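None of the figures in this text is laboratory data; all of them are computed from the coordinates on show. Just so it is clear, the model here is predicted, and its values are computed rather than measured. Backbone-built Cβ (ideal geometry, glycine too); neighbour counts: all protein chains shown.
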Amino acid sequence: MPPRVDGSDRPLLAVRGLTKRFGGFAAVNEVSFEIAQGEILGLIGPNGSGKSTTFSLIAGLHKATAGEVLFDGQRIGNLPPHAICRRGIGRTFQIPRPFRKMSILENARLAAYYGGSTRVTRDEATRHACEALELVGLPTDPHASVERLGAAGLKRLEMARALATRPRLLLADESLGGLDEAEVDQAAAMLKRIRDERGITILWVEHIMGVLMKVIDRCLVLDHGELIAQGSPAQIAHDPRVIEVYLGTDAQEVQRDTQARAGVAALPAAS
Ligand SMILES: Nc1ncnc2c1ncn2[C@@H]1O[C@H](COP(=O)(O)OP(=O)(O)OP(=O)(O)O)[C@@H](O)[C@H]1O
Ligand SMILES: [Mg+2]
């Protein structure tokens, strides 16, 4: 666990024994982890391993079958989604669903009304929306239309909507394909800026490992709803179980990336 930037010992988020069953099927099974204030934590795993369900449990869209979620030391598992958002947890959805008839600014402004612990005026909501749009590089022009946004633009709007709610913890579900590596690289730089400039703690789901590993402090790995590993990017890249269930033939590339990041010369490829 990296040093806590606020100097306190308390994790910003603590998840304990979190379980979600759909009928007899455990989509998330006794998952426990913590996120320190100011950390960027990666969440990876094969399709259907429970990443988005974990997000929905934290954000209150699903009620847990068992286990608990503590945000800043307080249990939030019994709260509805809007109350959790007001406490300071923002999320993006894997599939963006903006209000297409509204402008980009109106979409972000609506989110600004929804979040935050106190009611905001229209001017304040507009200011929060514009700040969020500037942070993600989208136009604040009131006439700029959602219709013109491509896949990468819609992802940015999704991020701006989450940021406009003024979160302390951002759950970024970016695992949908459709972005090329350069666009994902830009998204990674944006998340790093969001953490570095705004101090927002981030839990990030992303399938493109090389990009993810460059930015995150630590990583969690899910498989069939179970947490099978957690650690630094280098630890995860060398974990035999993670290689078996997730990295496969990408393992050597990811290992080289994490070694380069750590300033260590890459090992020769295994034969
Ligand atoms: N509402 C639901 N009812 C029944 N099963 C569900 C429901 N939501 C998710 N599941 C199942 O739970 C499992 C985990 O799904 P989840 O969406 O969390 O996976 P994921 O790790 O986000 O996958 P991906 O990488 O494809 O986004 C999957 O088998 C999925 O079919
Ligand atoms: Mg998902």
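Values for this structure:
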| item | result |
| --- | --- |
| Dipole magnitude of the chain about its Cα centre (Cβ charges: Lys, Arg +1; Asp, Glu -1), debye to nearest 20 | 1020 debye |
| Degrees separating the helix 181-198 axis from the principal Cα axis of the chain, which is the longest one | 70 degrees |
| Phi to ³J(HN,Hα) by Karplus 6.51 cos²θ - 1.76 cosθ + 1.60 over the range 206-219, Hz, x for Gly, Pro | 7, 8, 7, 5, x, 6, 4, 5, 6, 10, 6, 8, 9, 9 |
| Cα gyration tensor shape for the range 52-177, rounded if a/c is under 1.5, else prolate or oblate | oblate |
| Anchor Lys214: lysines whose Cα lies under 26 Å away (excluding residues fewer than 8 positions away in-chain) | Lys51, Lys155, Lys192 |
| In degrees, nearest ten, helix 251-261 long axis to first principal axis of the chain (Cα) | 70 degrees |
| Ile95/Ala262 FRET efficiency (R0 35 Å; Cβ-Cβ; nearest 0.05) | 0.50 |
| DSSP bridge pairs, the chain: antiparallel proportion in percent, nearest 5 | 55 percent |
| Principal-axis tilt of helix 151-164 within the chain, Cα atoms, nearest 10 degrees | 70 degrees |
| Check: the range 92-164 dipole with +1 on Lys, Arg Cβ and -1 on Asp, Glu Cβ, in debye | 260 debye |
| Residue among Phe93, Phe71, Phe25 with the largest mean-square fluctuation in a Gaussian network model of the chain, springs linking Cα atoms under 10 Å | Phe25 |
| Amide H within-cut-off set for Gly45, under 5 Å, with H built and near neighbours excluded | Leu222 |
| Estimated [θ] at 222 nm from DSSP helical runs (n ≥ 4, -39500 (n - 2.57)) normalised by residues in the chain, nearest 500 | -11000 deg cm²/dmol |
| In Hz, Karplus ³J(HN,Hα) per residue of the range 72-81 (6.51, -1.76, 1.60; θ = phi - 60°; x = Gly, Pro) | 6, x, 10, 5, 10, x, 9, 8, x, x |
| Most positive-pole-ward Cα, Gly178, Pro80, Leu191, against dipole of the chain from beta carbon charges | Pro80 |
| Built amide H within the under 5 Å cut-off of Glu226, gap 5+ | Asn29 |
| Global form of the range 1-126, assessed from the alpha-carbon gyration tensor, a/c cut-off 1.5 | oblate |
